[in-house]
Amino acid sequence: MSVQQNSAPTAAVTLRRHVLRTELGPCTVRVQRGAGGRNPASGTPDVYLHGAAGSWTSFGPLLSGTPAHARVLIDLPGWGESTEGARPEHFSIEEMARAVIGVLNSLGYRRWNLVGHSMGGFLALHIAAAWPEQTVSVAAISATTFGMSEVARRPLRNLSRLPAFAGMLLLMRSMAALGPAGSALVRSVGATPVMGALMSPFFADPAVIPAGVIRGLGDDARPASFCAAARAAAHYDFRQWRGIRCPVLATRGDRDVFTPPSDLVRLAEIVPHARLVSIPHCGHFANIERPAHVQSLLDDLWSG
């Protein structure tokens with residue numbers, strides 16, 4: 001049920017904000033009408049799911065222009081503007097998926113295209129397997145899947161496998177143990193040049209990333225939610241993905257420190273019809289570093 005609405009412009013894009021109840025807590029959602037100003041609840045929307053260290057704003061570079069379909073940008077419970085009342089102790093991939101489906105149904109949607117970055121890509125693939133009739137397509141941008149799940153189970157033992165993820169997980173665990181003080185510390189560091197140095201491994205060319213983007217990633221960091229997402233992924237049964245029927249696009253940057261090439265290889269073994277793409281001169285955030293390339297891939301997926 002929607003409990004709050006208002007309109008807010010983002011550059012040339014107008015988004016309508018909703019706050020919807022889910023079992024994991026209130027969920028803030030933004031909806032942009034599709035071409036022609038049709039009722040946003042009609043047709044098949046493009047639904048954007050952010051990563052475990054992000055919010056809906058990480059898709060900002062992809063939002064220029066008027067889309068063919070409505071866009072739905074979700075701050076998942078525990079992140080962005082959906083932190084108040086969130087219940088990370090109840091997080092699981094299944095519960096997060098049910099929260100997303102509840103949001104979409106509340107908005108009147110029964111079918112959808114899914115665009116997920118990092119953890120959001122993992123979540124999108126699960127939704128496609130669990131709701132195959134309703135999921136029209138999936139674009140998984142640097143989805144953190146097999147390798148991340150293994151490191152999340154034993155971060156110290158697998159430190160050399162994905163050192164960037166293992167290091168971030170250990171850091172987030174330390175910050176989460178501090179409670180609200182840990183979150184405040186992360187945000188305060190995010191406003192300093194130190195955050196740029198910490199985030200540099202995630203970009204192919206960190207020097208060209210605007211300082212405001214780096215600050216935004218620092219503001220979006222939620223240690224407790226990050227750790228809860230890692231726990232949820234640690235023992236996930238990836239065999240469920242054999243039920244995915246829709247077209248799947250899976251990408252990674254060729255300099256991605258979170259999503260190794262082996263993750264795409266293993267995905268193709270389970271979802272053999274998936275299209276695998278390595279984006280050149282790109283790190284983990286293709287939606288920020290290479291938005292035009294990503295949008296071209298999305299257009300190809302949706303036109304098919």
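The values are calculated or read from the model by the stated rules, or taken from the named source; none is laboratory data. Just so it is clear, the structure is predicted and the values come from calculations on it, not from any experiment. Neighbour counts run over all protein chains shown; Cβ positions are idealised from the backbone, glycine included. Just the protein is used for accessible areas: all its heavy atoms, side chains included, with ligands, DNA and RNA removed. Shrake-Rupley method; radii C 1.70, N 1.55, O 1.52, S 1.80 Å.
The share of accessible area on the chain that comes from carbon and sulfur is 56 percent, using a 1.4 angstrom probe. Of the residues Thr28, Thr135, Thr66, which exhibits the maximal mean-square fluctuation in a Gaussian network model of the chain defined by a 10 Å Cα contact cut-off? Maximum among the listed residues: Thr66.
Estimated from helical segments only, the mean residue ellipticity of the chain at 222 nm is -11500 deg cm²/dmol, where each DSSP H run of four or more residues counts as -39500 (n - 2.57).
Rolling a 1.4 Å probe over the protein heavy atoms gives the chain an accessible area of 41 Å² per residue.
Given axes a ≥ b ≥ c from the Cα gyration tensor, I'd like to know whether the stretch 145-304 is rounded (a/c under 1.5), prolate (a/b larger than b/c) or oblate. Let's see the in-between values first.
On the way: a/c = 2.06, a/b = 1.30, b/c = 1.59.
Oblate, since a/c reaches 1.5 and b/c is not below a/b.
Across the chain, the longest run free of exposed loop sites, meaning GluC sites (Glu not before Pro) lying outside DSSP classes H, G, I, E and B with no more than 13 other Cβ atoms within 10 Å, spans 134-304.
Over the C-alpha trace of the stretch 217-261, radius of gyration and Dmax come out as 14.3, 37 angstrom. One equal scatterer on each Cα of the stretch 71-139, no solvent, Debye formula: the resulting log10 I(q)/I(0) at q = 0.11, 0.16, 0.21, 0.25 Å⁻¹ is -0.24, -0.52, -0.91, -1.28. Note on the chain: with a GNM built from Cα contacts shorter than 10 Å, the maximum mean-square fluctuation among Leu123, Leu20, Leu49 falls on Leu20. Amide H to amide H, with H built 1.01 Å from N, Val257 comes under 5 Å of His284, counting only residues 5 or more places away or on other chains. Remark: the chain carries a charge dipole of roughly 280 debye about the Cα centre, counting +1 on each Lys and Arg Cβ and -1 on each Asp and Glu Cβ. Select from the stretch 138-170 those trypsin sites (Lys or Arg not before Pro) which occupy a DSSP coil region and have at most 16 other Cβ atoms within 10 Å, ordered by residue number. For trypsin sites (Lys or Arg not before Pro) across the stretch 138-170 that sit outside H, G, I, E and B with at most 16 neighbouring Cβ atoms in 10 Å, the list reads Arg157, Arg161. Applying the Karplus relation 6.51 cos²θ - 1.76 cosθ + 1.60 with θ = phi - 60° to the stretch 289-304 yields 3J(HN,Hα) values of 7, 10, x, 5, 5, 4, 5, 4, 5, 5, 4, 5, 4, 6, 5, x Hz, where x marks Gly and Pro. For the stretch 33-156, place one equal point scatterer on every Cα, skip the solvent, and apply the Debye formula. What is log10 of I(q)/I(0) at q = 0.22 Å⁻¹? Computed log10 I(q)/I(0) values: -1.42.
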